[in-house]
Amino acid sequence: MTKPFGQLELLARVRAVLRSRMSFENINTTVIYGPLKLITSSGQLTCESNKTHLTRTESLILHLLIQNAGKVVTFSKIAEIIWGDLYPNAADTLRVYIRRLRVKLGRIARQKVSIISNPGIGYFLE
């Protein structure tokens with residue numbers, strides 16, 4: 001990094017490095033919710049004999065939703081887990097990830113598990 005640089009740029013770069021180093025080492029578990037089995041370290045999602053692969057972010061979101069099954073997880077809580085801070089456009093960005101997760105869940109779970117939105121607040125798993 002060349003000098004001079006601003007404090008905000010330094011903080012942004014430090015956060016980016018920390019975020020990239022926050023891998024699945026901290027969340028190296030297998031979680032089960034009904035017919036779903038998620039291996040967070042590899043992003044492998046299984047429902048009965050159907051399998052699909054999730055991205056790192058999709059795995060983190062689904063892991064968080066499974067941990068809080070039946071309870072609403074707020075946009076800010078999801079953003080904090082994924083990006084480590086309140087992300088300015090978190091709600092819009094999360095909508096994209098949730099849509100992708102719904103498509104993947106629909107392919108393998110066939111309506112057995114669904115992500116429900118609570119408008120203006122967050123999401124929960126049903």
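Structure above, values below:
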read-out	value
Subset of the stretch 37-56 [surrounded by fewer than 16 Cβ atoms within 10 Å (Cβ to Cβ) and among the polar types (S, T, N, Q)]	Ser41, Ser42, Gln44, Ser49, Asn50, Thr55
Close pairs from the stretch 97-126: first more than 20 Å from Asn68 (Cβ to Cβ), partner of a type in the set (Lys, Arg), Cβ under 8 Å, at least 6 apart	Ile108/Lys51
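No value in this document is a laboratory result; all are computed from the given coordinates. Model, not experiment: these values are computed from the prediction. Note: ideal-geometry Cβ built from the backbone for every residue, glycine included; neighbour counts use all protein chains shown.
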